[in-house]
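Beneath this line is the structure, given in structure tokens, with notes to follow.
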Amino acid sequence: MEIILTFSLLFTVYATIVDPKKGSVDGSGPLLTGFVVGANILAGGAFSGASMNPARSFGPALVSGDWTDHWVYWVGPLIGGGLAGFIFENFFIVRSHVALSRAEEDY
């Protein structure tokens with residue numbers, strides 16, 4: 001569940017904030033990201049607490065001393081975030097920039 005939640009969060013961030021050709025969603029990225037975080041909490045809160053961030057799970061585990069199944073909160077977001085970044089960068093973002101000349105006479 002943590003993989004799916006983190007994937008959806010990072011995919012939304014890529015689609016609304018990172019993508020240079022975001023189109024009509026330009027400027028509403030933080031609002032849409034907040035809506036996805038809220039939806040993720042409603043969908044995954046009962047299953048895994050909807051952490052979506054290892055740092056968010058580390059503090060309560062450190063204070064309470066309860067490290068039961070804590071690896072889920074590290075492995076899930078790392079896989080979900082990495083997958084979202086890989087898929088969006090390779091399949092959705094179109095890079096159409098031209099490389100700068102590296103010739104000495106251009107300096």
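The values are calculated or read from the model by the stated rules, or taken from the named source; none is laboratory data. Note that the coordinates shown come from a computational prediction; the quantities given were computed from them, not determined experimentally. Accessible surface areas use protein heavy atoms only, side chains included; no ligands, DNA or RNA. Shrake-Rupley method; radii C 1.70, N 1.55, O 1.52, S 1.80 Å.
Per-structure values
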read-out	value
Value at 222 nm in deg cm²/dmol, rounded to 500, when DSSP H runs of n ≥ 4 in the chain each add -39,500 (n - 2.57)	-19500 deg cm²/dmol
³J(HN,Hα), Karplus 6.51/-1.76/1.60, whole Hz, each residue of region 8-14, x for Gly, Pro	5, 5, 5, 5, 5, 4, 4
Per-residue SASA entry for Ser64, accessible area with 1.4 Å probe, Å² rounded to 10	80
Longest to shortest principal axis, alpha-carbon extents of the chain, angstrom	63, 34, 22
Region 1-49: radius of gyration over Cα atoms, expressed as a fraction of 2.2 N^0.38 Å	1.21
